[in-house]
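The values are calculated or read from the model by the stated rules, or taken from the named source; none is laboratory data. All values derive from a computational prediction rather than experimental measurement. Please note: Cβ atoms are built from the backbone with ideal geometry, for glycine as well, and neighbour counts cover all protein chains shown.
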Amino acid sequence: MTTTATSSAPSLPLDMIIFGGAGDLSVRKLLPALYMAHLHGNLPPSTRIIATGRHDYDRAGYLEFVQSKSQPFINERNFEQKAWDEFLRMLEYVCLDATDTAGFAALAKLSRQGVQRAFYLATAPSLFTTICENLAASDLIDGNSRVVLEKPLGHDLNSAREINAAVGKHFSESQIYRIDHYLGKETVQNLMVLRFGNGILEPLWRAPNIVSVQITVAETVGVGSRAGFYDETGALRDMVQNHLLQLLCIIAMEPPVSLDPDAVRDEKLKVIRSLRRMTLGDIARDTVRGQYTAGAAAGEVVKAYRDEAGVPPDSRTETFVALRTYVDNWRWANVPFFLRTGKRMQKQLSQIVIEFADPPLSIFPDAPRSRANRLVIRLQPEESVQLQLMAKQPGSGMHMLPVNLNLDLQSAFSQRRAEAYERLLIDVVRGRLTHFMRRDELEAAWSWADPILAGWKELGEKPQLYTAGSWGPDSSGALLARQGFSWIE
Ligand code: BG6
């Protein structure tokens, strides 16, 4: 599959049309990101942002809503009244239900001619098809249009295929931006530079020099106001199938020949296709599903998942997943990749740990039995890259201790770091597809995840309970301990 996209500075004025314009994502992420893009002069002149939603606001009512709900998500340091007022002047609102043609007629009237239209679908994916059909019927799509599809794109391979096929009837692949906001994070993009902008890592970056890879995305938050969505979704679909697999791809991919969207996405696709498909036996042995019970997270007493508003009291949805997988190719043969994500964990921590093989022979009497060298790439809460090495403890003996070579990105670069959504929205405006998922890549990710979901169903597995504020069920540690590893926290 190829997508010849032209990456260019925008020459046309922009109409950014957001479906789900009064929803949680718009309020917390999209509108603040667009404000920031405006503040830094990254939106084309005379941009207009048309939010749509089912709520019957008039324009003034919507502006008030944005002012009270969205502005608090802008860091005080970045707030400039003049830029904010200009931003508010760009906003329009259309009350529209995805199935309501009158609403689309009103949208068509408001959207200007001779502009570039970017449609951001921040609604339930079940509405994507209808929205695209109605956009086409209202003559709103042309060769300059772009569409951004928010995750989750479907709930399994079949639904993802259906959505992709339906959207593909109206937009070519080079017009489709499937967003995974992890690909917009500064440290994730930096991982590409770390791997491919340096010569020293590449010779080491393979089995048997690397003995394991761990990817953790731990959150202290619970499901918040999204219980309805989350209970239908669970952690595997919400986090693993997309964010964690994308991180795994960047760690495991071969060097792309360039940064062209297809060059990068071809390599990521090969990784996903090389992931070992799990059998029922693998699923029973190599995956852990957990659900949090009441406890304390981030210093707060919190309810059990089943007691959250909107969650059925007998819910079996997983709020935690840990699993072991393998990338079956020459570079990674037999190297376990341990993935873990959960809500209401002990602390917020997103990191990748690469564990290197031990020296072939230990000549020092107090050398650690294993794991002298690790590369720890931390994405959240702070960004850093640390290489753990052994060093001699000062003194008369030959005693060794681990020390860290610390690349502190925060102090190395003083520039402002754009939020993931801001960076990705600017990419949409500029036509840069590299950090978005291609159709085949997304479908391959579902092909890997589907058997796990089906396996869990077949095994009738109840999630294992873990106390909010812990690191998940004990069996998550056992998954690694079997091979002599442990989670690095
Ligand atoms: C979203 C998930 O995609 O990512 C949320 O739907 C999750 O459940 C969020 O909380 C985590 O993103 P971040 O950027 O806060 O790590």
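Here is a list of conditions, (1) within 16 Å of the ligand (Cβ to nearest atom); (2) more than 23 Å from ASN242 (Cβ to Cβ), and ALA449 meets all of them except one; can you say which number that is?
(2)
Can you tell me which condition GLN464 does not meet? The list is (1) more than 19 Å from the chain's Cα centre (by Cα); (2) within 16 Å of the ligand (Cβ to nearest atom), and all the others hold.
With (1) more than 19 Å from the chain's Cα centre (by Cα); (2) within 16 Å of the ligand (Cβ to nearest atom) applied to GLN464, the lone miss is (2).
Pull out all pairs, ordered by first then second residue, where Cβ-Cβ is under 6 Å, the residues are six or more apart or on different chains, the first lies in region 399-420 and is among the basic types (Lys, Arg), and the second is surrounded by 12 or more Cβ atoms within 10 Å (Cβ to Cβ).
ARG417/GLU186
Taking GLN189 as meeting all but one of (1) modelled with pLDDT under 95; (2) assigned to a helix (DSSP H, G or I); (3) farther than 27 Å from SER26 by Cα, write down the number of the exception.
With (1) modelled with pLDDT under 95; (2) assigned to a helix (DSSP H, G or I); (3) farther than 27 Å from SER26 by Cα applied to GLN189, the lone miss is (3).
Just to be sure I understand the filter: pairs with C-beta atoms under 7 Å, separated by 6 or more residues or on different chains, first member in region 229-247 and in a helix (DSSP H, G or I), second member of a type in the set (Asp, Glu) and away from the ligand (no atom under 11 Å from the Cβ). Which pairs pass?
Going by the 7 Å Cβ cut-off, the qualifying pairs are GLY234/GLU318; ALA235/GLU318; LEU236/GLU318.
Of VAL211, VAL223, VAL217, which residue is in contact with an Asp or Glu (Cβ under 6 Å, 6 or more places away or on another chain) and under 16 Å from PHE337 (Cα atoms)?
VAL211
Looking only at region 358-386, which residues are surrounded by fewer than 17 Cβ atoms within 10 Å (Cβ to Cβ) and hydrophobic (A, V, I, L, M, F, W, C)?
LEU361, ILE363, PHE364, ALA367
Please specify each residue of region 211-264 satisfying the condition of being among the β-branched types (Val, Ile, Thr) and more than 16 Å from the ligand (Cβ to nearest atom).
VAL211, VAL213, ILE251, VAL257, VAL264
Table: residues versus (1) modelled with pLDDT under 95; (2) closer than 21 Å to CYS249 by Cα; (3) among the hydrophobic types (A, V, I, L, M, F, W, C).
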{"residue": "CYS132", "(1), (2), (3)": "no, no, yes"}
{"residue": "VAL147", "(1), (2), (3)": "no, no, yes"}
{"residue": "PRO152", "(1), (2), (3)": "yes, yes, no"}
{"residue": "ASN158", "(1), (2), (3)": "no, no, no"}
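Read through the list (1) within 16 Å of the ligand (Cβ to nearest atom); (2) more than 22 Å from THR187 (Cα to Cα), then give the number of the only condition that LEU425 fails.
(2)
Criterion first (buried (at least 19 other Cβ atoms within 10 Å of the Cβ) and either touching a Cys at 6+ places or on another chain (Cβ under 7 Å) or under 30 Å from ARG423 (Cβ atoms) (or both)) does ALA468 satisfy it?
In short, no.
Would you kindly identify the strands (runs of 3 or more DSSP E) lying entirely within region 248-303 that contain at least 2 residues that are modelled with pLDDT under 95?
So the answer is 295-297, 300-302.
Does region 323-334 contain at least one residue that is in a loop (DSSP other than H, G, I, E, B), within 12 Å of the ligand (Cβ to nearest atom) and not small (Gly, Ala, Ser)?
no
Hey, which of the helices (runs of 4 or more DSSP H) in region 1-114, taking only ones fully inside, have at least 2 residues that are in contact (Cβ under 8 Å) with a residue 24 or more places away in the chain and surrounded by fewer than 18 Cβ atoms within 10 Å (Cβ to Cβ)?
By residue number, 59-65, 81-90, 101-110.
Against the definition (assigned to a strand (DSSP E or B) and small (Gly, Ala, Ser)), how does SER350 come out, yes or no?
For SER350, the condition - assigned to a strand (DSSP E or B) and small (Gly, Ala, Ser) - is met.
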